[in-house]
Amino acid sequence: MSWFGKVRPETDASEKKTIGRGVFRRCDECGVTLTAEEFTSNLEVCPKCGHHYALSAESWVELLCDPGSYEEEDAGLSSGDPLAFNDAKPYPERVAATKKKTGVSDAMMIGQGTIEGRPVQLGTFVFRFMGGSMGSVVGEKITRMFERGAQRGQPVILLSSSGGARMQEGVLSLMQMAKTVSALGRLRAAGQPFVSVLLHPTTGGVAASFALLGDVNVAEPRALIGFAGPRVIENTIRQKLPEGFQRAEFLVDHGMVDLIAPRNEMRATIARILGHLSG
């Protein structure tokens, strides 16, 4: 029997599709295919081109804080429904479904920990919760974090990654911009530093309030940072924007961001900044 005449065993099409799923990953930036473990062990950064993928809030806490030092605060705060908002589903149903899916109560984690032995207040957005959108709970947690920093004499580090204000809470969401900046003023009055870490993306009301008000603003490589997205701006002004507009590198060149730190250097960079600012 010739080779072409042989009957090959049938393989389920669904089985074909699942072979290798979860084992290998292809980088969206450079196209290289590596094992998923190679990305995970490299802090979700492509080992070949350095493209930074999102890192969970929990992983950021583990990366930055001394082992066993972090204690989360105000974990139980949850959104109300002040506007009885209803789009595809009522807002309370959307929040409940997102809580179940993500395992967190809202889009912000705050707590106290130490970085190289120095006590700090640390907050990080949870982007998987409704795109890290800032509603009343996020604003309240950030406000409490700044106030605790002032009361306890501790610097504040805040990692931002957000699509902006949460539309389901309307003007109450926008009010968080002023509320958080006011609390930041109290931290500054107490003489405590604020290090703002800008992750991809940092946009909308978050970028327009506290995120760019750090004593030092640190960004990850290629992070998108700005109020509106480039496409929205181009459609509004009907002009082509410069190459790399609103990326971290562009903002460093134009004085909006102080420095860029790769993820594997972020802990050491923050520790060094705190050493300078805290005396």
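Would a scan of segment 81-102 turn up a residue that is β-branched (Val, Ile, Thr) and under 15 Å from the mean Cα position of the chain (by Cα)? The answer is yes, given that some residue of segment 81-102 is β-branched (Val, Ile, Thr) and under 15 Å from the mean Cα position of the chain (by Cα). Surrounded by fewer than 24 Cβ atoms within 10 Å (Cβ to Cβ), assigned to a loop (DSSP other than H, G, I, E, B) and under 18 Å from the mean Cα position of the chain (by Cα): does that describe GLY214? It is true that GLY214 is surrounded by fewer than 24 Cβ atoms within 10 Å (Cβ to Cβ), assigned to a loop (DSSP other than H, G, I, E, B) and under 18 Å from the mean Cα position of the chain (by Cα). From the list GLN176, GLN168, GLN192, exactly one residue is in a loop (DSSP other than H, G, I, E, B) and not basic (Lys, Arg). Which is it? Exactly one residue qualifies, and that residue is GLN192.
A single member of SER105, SER161, SER78 is assigned by TED's automatic domain parsing to the domain that holds GLU265, in contact with a Gly (Cβ under 7 Å, 6 or more places away or on another chain) and not in a strand (DSSP E or B), and it is SER105.
Applying a threshold of 9 Å to beta carbon distances and a minimum spacing of six or more residues, or different chains, the list of pairs starting in segment 48-62 at a residue that is within 19 Å of PRO221 (Cβ to Cβ) and ending at one that is assigned to a helix (DSSP H, G or I) and of a type in the set (Phe, Trp, Tyr) reads TYR53/PHE39. Screening segment 24-51 for residues that are surrounded by 15 or more Cβ atoms within 10 Å (Cβ to Cβ) and touching a helix residue (DSSP H, G or I) at 6+ places or on another chain (Cβ under 6 Å) and picking the one that is farthest from ASP106 (Cα to Cα) gives ARG25. Of note, ARG247 does not satisfy the criterion of being surrounded by 14 or more Cβ atoms within 10 Å (Cβ to Cβ) and in contact with a helix residue (DSSP H, G or I) (Cβ under 9 Å, 6 or more places away or on another chain). Kindly establish whether PRO67 is at pLDDT below 95, surrounded by fewer than 16 Cβ atoms within 10 Å (Cβ to Cβ) and out of contact with any strand residue (DSSP E or B) (no Cβ under 7 Å at 6 or more places or on another chain). No, not satisfied. Being surrounded by 13 or more Cβ atoms within 10 Å (Cβ to Cβ) and within 24 Å of VAL126 (Cα to Cα) holds for only one residue in ALA190, ALA208, ALA268, and it is ALA208.
Within segment 134-158, the residues that satisfy the criterion of being within 22 Å of VAL257 (Cα to Cα), outside any helix (DSSP H, G or I) and under 17 Å from the mean Cα position of the chain (by Cα) are MET134, VAL156, ILE157, LEU158.
The values are calculated or read from the model by the stated rules, or taken from the named source; none is laboratory data. Worth saying up front: this structure is predicted, and the values here are computed from it rather than measured. Cβ sites come from the backbone with ideal geometry, for glycine too, and all protein chains shown count toward neighbours.
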